[in-house]
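Taking it in order: structure first as structure tokens, then the write-up.
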Amino acid sequence: MEILNKTADGLKRRYNVLIPKVELDAAVTEKLQETAKKVRLDGFRPGKAPLDVIRRMYGDSLVDEAKKKAITDSSKKIIKDEGVSVSFAYITDIVKEDENGLEFLLKFEALPSFELKDVSSIEITKYIAEIGDEKVTDVLEAIRKEHKKWIESDKNAEEGQKIVVDLCLRAPDKKLQKGEIKDLEIIMGDATLVDNFWKHFIGAKVGRIKEFSIAYPTNFSEKTFAGKTVEYKAVIKKIFDPAEHKIDDEFAKSMGYENLEQAREWAKARLVSKYDHLSKDVMSRDLLDKITDMYDFDIPQNIVDIENSVISKRITEEAQKLGVEFSSHVQSECLKISERRVRLGLVIAEIAKREKISATQNEISQYINRIALLHPGQEKAVWKTYTRSENLQAVISPILERKVTEFLLNKVKIQEKKCSIEELVALDEETFDFFKDAPKSEPKKLAKGNTDEKTKPAKKKSPSKKEAE
């Protein structure tokens with residue numbers, strides 16, 4: 001192999017490479033010999049077929065494979081010998097092939113080389129939200145409104161009440177023959193119950209027996225019930241009217257605490273934890289912004305293009321929803337953000353390498369699992385997608401960013417500052433509003449492919465066989 005010419009333009013590299021004819025012929029012969037060992041031909045012992053016979057049988061396909069391998073091997077050797085790291089992928093183009101051999105062009109963008117800088121002089125503010133009694137009361141008030149107090153009633157069952165039943169079910173399917181659920185609580189009006197399950201009990205009295213059947217759709221989420229007709233027989237045991245709690249000791253006991261004072265302590269601890277996490281998010285973003293400002297090195301354009309396409313797609317969809325224009329100004333801002341994110345990603349990766357910080361298999365699994373939970377019914381597809389080698393970096397990168405940020409926060413100067421909850425929330429909001437001053441217009445059609453992801457309707461619940469047993 002011989003490098004005929006090489007040029008560099010920033011991080012871009014171009015090499016004109018010649019694989020001499022003698023090396024190319026040797027590569028073809030090696031490929032023929034490798035194939036001959038695997039081929040079984042009548043009249044020849046296994047692996048002893050003549051090479052000219054193999055060449056006639058497989059023709060140009062083997063020769064092309066040999067050339068491709070020779071180009072790949074030569075490209076890898078050049079990259080290794082030059083001591084560079086390829087940013088994304090290298091590209092090869094055949095220039096010509098003649099009596100001298102095969103000439104090809106190798107092109108790629110190298111990853112930049114830079115020195116990591118000391119972060120100990122960076123100053124970060126840790127905002128501590130002041131949590132007053134009224135905010136604690138707000139937490140308890142939200143719980144009070146959400147959780148009803150139930151008072152036993154002698155009325156007939158109606159929407160808004162809660163009933164307690166003993167439920168028997170049976171179906172012709174052998175896997176779902178017969179079962180019984182004792183003391184099943186049903187909220188009259190619960191829209192998540194299949195086929196408005198609760199409506200079968202409207203007007204019922206305590207002690208009354210209700211019999212009915214439900215034909216479950218074939219695509220029902222509980223496969224045991226899907227496509228089956230199930231017969232139900234229920235005895236209404238109790239009926240309750242809803243009533244609102246007062247924020248007092250009785251309410252605290254319904255939450256599992258001895259008295260209201262304990263419940264308020266829990267509510268305050270919950271708020272402290274919530275806004276402490278928010279404060280850490282603000283600190284992390286401030287730190288990463290300041291670190292990014294410390295560096296100004298060349299970055300690979302191919303990685304910037306990929307990052308910019310992702311950001312631009314998201315902002316284009318946002319523009320569509322708001323009915324505003326994706327202007328050249330917004331496009332320019334997207335590019336700036338892309339460049340900052342790529343540069344920061346390279347710095348994070350270099351720090352992780354120096355400090356031997358890595359993503360564990362458990363952390364990767366937890367991250368993918370959180371994504372899967374956002375796509376009910378598609379969990380297997382999500383796992384399959386994100387565990388592919390080409391997509392795994394999209395999982396590893398945010399994990400490394402979090403771990404490196406936590407490492408760096410122990411190296412910088414941190415000063416505490418008290419603030420209101422409203423001030424902290426405002427600090428956590430996006431710092432740049434792309435469309436703050438944009439005039440509203442009719443929503444425009446997105447470019448092909450930029451369609452909103454459709455969400456599936458929530459799955460409906462029903463008494464399952466497992467519960468019945």
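Taken together, the values in this text are just the output of simple stated rules run on the coordinates, not laboratory data. In this text the structure is predicted, and so the values were computed from the model without any measurement. We place every Cβ from the backbone using ideal geometry, glycine too, and count neighbours over all the protein chains shown.
How much length would be gained if the chain were fully extended between Gln378 and Glu134, taking 0.36 nm per residue of separation minus their Cα-Cα distance, in nm to one decimal?
83.7 nm
May I ask you to derive the FRET efficiency for Glu325 and Asn369 from their Cβ-Cβ distance with R0 = 35 Å, giving the value to the nearest 0.05?
Between Glu325 and Asn369 the formula returns 0.35.
What do you get for GluC sites (Glu not before Pro) in the range 315-412 restricted to DSSP loop and a cutoff of at most 16 other Cβ within 10 Å of the site's Cβ?
Of the GluC sites (Glu not before Pro), the ones in loops of the range 315-412 whose Cβ has at most 16 other Cβ atoms within 10 Å are Glu325, Glu355, Glu390.
What aspartates and glutamates could a cross-link reach from Lys148, if we take a straight Cα to Cα line under 17 Å and drop same-chain neighbours fewer than 8 places away?
Asp138, Glu158, Glu159, Glu185, Asp190, Asp241, Glu244, Asp248, Asp249, Glu250
Within the range 253-285, report the GluC sites (Glu not before Pro) that DSSP leaves as loop and that have at most 11 other Cβ atoms within 10 Å.
Glu258
In nm, to one decimal, how far is the Lys182 label point from the Asp428 one, both placed 7 Å along Cα→Cβ?
4.5 nm
Which order do the peptides 181-192, 408-419, 292-303 take when ranked by the mean count of other beta-carbon atoms within 10 Å per residue, highest first?
Going by the mean number of other Cβ atoms within 10 Å, highest first, we get 292-303, 181-192, 408-419.
Calculated FRET efficiency, Asn259 and Glu141, Cβ-Cβ r, R0 22 Å, to nearest 0.05?
That gives a FRET efficiency of 0.80.
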